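First the structure, in the form of structure tokens, and then the observations on it.
The values are calculated or read from the model by the stated rules, or taken from the named source; none is laboratory data. Keep in mind it's a predicted model, so treat the numbers as computed, not measured. Every residue, glycine among them, receives a Cβ derived from its backbone with ideal geometry; neighbour counts consider all protein chains shown.
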């Protein structure tokens, strides 16, 4: 949030100042209105999740109905349904481990691409990005067959590997742009003092590029947490993740609107919290570091 | 593509000669060893990615030449291009290609335009701007499956969804959103989800405008529209391209919304969903693979163009750094 052009315009042209201010206020209201329109479905979901099932499913909607935690209680298995804890933990495990693997692989790669500048480094960068454009469905069947034959179907580690490959290109691009911001002289000075690559990475690069690395991890975590197609095809009972559980939950339980909303809130909560906390970094990361 | 020795010196505060000297050794045998040492940190990521993404695709390519249904594995046989012929003549598949194009184009264009308007609104100073920005981001942060379920059950449902509830208050009609306008229903939910993303990228673009140039133009008597048309829009071009590109990559591959909202029914099956159906439910491995290969060929055509866009952005970035 840097400067805006509005104040300069109003002070420069005094006669039209009042009109400009009125227009500014109207546009501000318009912005508020659109903001509310966009957030309304989310708020509606949260509100519905705290209603009882009969109050949730009425037309016209019962906005002022009494609040209850029943939806959440039912979701967490008090009603005898399957417990959401295993899928939630699976999601957490798959997301955390794949994020760690991504970091381990992407950080040295980005180092080679940004600081050492290997030959044809831009070509390598584009190879990474091109894998992201390969449609996931085009490789899913062989992965499925391979997993079935080797007994890796319904195994959380299969997801970890696939999520790592899914996020690695993005992470390399992002980190390349973050590491390129580090002055070469700082790194060279450390190398002069006899520091080897691991030391340079931990002592010099990590502290400077820390916020960027954190943003990268966050985005990898979010993408893994949100992933649905792999989870749907490659997991069953044991390794089921939260998004796959969520769809299965709706089909097997029949539709209980308040419960579905409660489930959606619970599953979205980690991403919402993390995303709000790191809004700016998120944009920068999602645009592969091109927007600063 | 830029040369490492020309790109590197500008980045550091060191004089160019010194920076190049540390990078290039004069002796040839050392040089080769050194180059491998330079490349080494890159290798794990590169090898991992080749194994996990390219090998499965190669396997898909091989499977696509076989007549292979999982229910009749004993009848698996090499049939050459038969699957491709079947796929090309398959009505459903051709329709899903059209659906994919339509869905992606609509969602990307509408969300970029809406995102631009919102970014322009949020670029102005007004009370509660931070809060409005936070509210606008919420749709993008919802887990996609949760957001699809929210639209399907809490908003679109004809009996108790919010939309028809509001229409009841207003005394309006009670459409069955998903059956009456299935593709539009999917598109609306995706536009809602992606507009914030476009808005964020374009807002970042707006806030990186050189303000002195705008001041100068204003002093020269340029109006708001002229400033927007001749200064803001050209400056935003790369951000618009970036948003379009990234949006397309993700929306072409969209599975969650189609899967959850319509299960591919009512002419909303896009390619990812159709391929998923062909192999996961119909167990037609050969056909699904052929379709997958065709998707990849289509994607390569688009990606070549897309990569050129990114490449120009990237070169700008490199030369600026």
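What to note about this one:
- Reported count of residues in region A:103-127, each being facing chain B (nearest Cβ under 7 Å) and either touching a residue at least 40 places away in the same chain (Cβ under 8 Å) or in contact with a strand residue (DSSP E or B) (Cβ under 8 Å, 6 or more places away or on another chain) (or both), is 6.
- Search result, residues across region A:247-265 that are part of a helix (DSSP H, G or I), buried (at least 20 other Cβ atoms within 10 Å of the Cβ) and in contact (Cβ under 8 Å) with a residue 24 or more places away in the chain: A:249, A:257, A:258, A:259, A:261, A:262, A:263, A:264, A:265
- Residue check for residue A:175: crowded, with 21+ Cβ neighbours inside 10 Å and under 21 Å from the mean Cα position of the chain (by Cα): yes
- Restricting region A:274-285 to residues that are touching a residue at least 12 places away in the same chain (Cβ under 8 Å) and facing another protein chain (nearest Cβ under 9 Å), the residue that is surrounded by the most Cβ atoms within 10 Å (Cβ to Cβ): A:284
- Flag for residue A:82 being over 21 Å from residue B:154 (Cα atoms) and either modelled with pLDDT under 85 or loosely packed, with under 15 Cβ neighbours inside 10 Å (or both): yes
- Some residue of region B:270-293 being outside any helix (DSSP H, G or I), closer than 30 Å to residue B:156 by Cβ, in contact (Cβ under 8 Å) with a residue 60 or more places away in the chain and under 14 Å from the mean Cα position of the chain (by Cα): no
- Note on region A:203-232: residues that are assigned to a helix (DSSP H, G or I) and in contact with a helix residue (DSSP H, G or I) (Cβ under 6 Å, 6 or more places away or on another chain) total 18.
- The set of residues from region B:242-256 being part of a helix (DSSP H, G or I) and either facing chain A (nearest Cβ under 10 Å) or out of contact with any helix residue (DSSP H, G or I) (no Cβ under 8 Å at 6 or more places or on another chain) (or both) comprises B:242, B:243, B:245, B:246, B:248, B:249, B:250, B:252, B:256.
- Residue match in region B:300-309 (condition: outside any helix (DSSP H, G or I) and modelled with pLDDT under 80): no
- Test result for residue B:135, within 27 Å of the chain's Cα centre (by Cα) and buried (at least 16 other Cβ atoms within 10 Å of the Cβ): yes
- Residues being in a helix (DSSP H, G or I), surrounded by fewer than 17 Cβ atoms within 10 Å (Cβ to Cβ) and in contact (Cβ under 8 Å) with a residue 12 or more places away in the chain - total across region A:49-75: 1
- Residue within region A:171-185 that is within 8 Å of chain B (Cβ to nearest Cβ) and without any contact (Cβ under 8 Å) to a residue 12 or more places away in the chain present: yes
- Only one of the numbered conditions (1) buried (at least 19 other Cβ atoms within 10 Å of the Cβ); (2) over 28 Å from residue B:152 (Cα atoms); (3) touching a helix residue (DSSP H, G or I) at 6+ places or on another chain (Cβ under 6 Å) is not met by residue A:190, and that is (1).
For (1) at pLDDT below 85; (2) at the interface with chain A (Cβ under 7 Å from one of its Cβ atoms); (3) under 29 Å from residue A:228 (Cβ atoms); (4) crowded, with 22+ Cβ neighbours inside 10 Å, each residue gets a yes or a no:
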{"site": "B:68", "(1), (2), (3), (4)": "yes, no, yes, yes"}
{"site": "B:77", "(1), (2), (3), (4)": "yes, no, no, no"}
{"site": "B:102", "(1), (2), (3), (4)": "no, no, yes, no"}
{"site": "B:107", "(1), (2), (3), (4)": "no, no, yes, yes"}
{"site": "B:110", "(1), (2), (3), (4)": "no, no, yes, no"}
{"site": "B:124", "(1), (2), (3), (4)": "yes, yes, no, no"}
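- Yes/no for residue A:160 being surrounded by 23 or more Cβ atoms within 10 Å (Cβ to Cβ) and under 24 Å from the mean Cα position of the chain (by Cα): no
- Unique match (being at the interface with chain B (Cβ under 10 Å from one of its Cβ atoms), modelled with pLDDT of 90 or more and buried (at least 19 other Cβ atoms within 10 Å of the Cβ)) among A:165, A:98: A:165
- Within region B:267-290, restricting attention to residues that are over 19 Å from residue B:105 (Cβ atoms) and out of contact with any strand residue (DSSP E or B) (no Cβ under 9 Å at 6 or more places or on another chain), the residue that is surrounded by the fewest Cβ atoms within 10 Å (Cβ to Cβ) is B:281.
- Count of residues meeting criterion [at pLDDT below 85 and either in contact with a strand residue (DSSP E or B) (Cβ under 9 Å, 6 or more places away or on another chain) or facing chain B (nearest Cβ under 8 Å) (or both)] in region A:247-273: 4
- Residues that are more than 9 Å from chain B (Cβ to nearest Cβ) and modelled with pLDDT of 80 or more, drawn from region A:42-63: A:46, A:47, A:49, A:50, A:51
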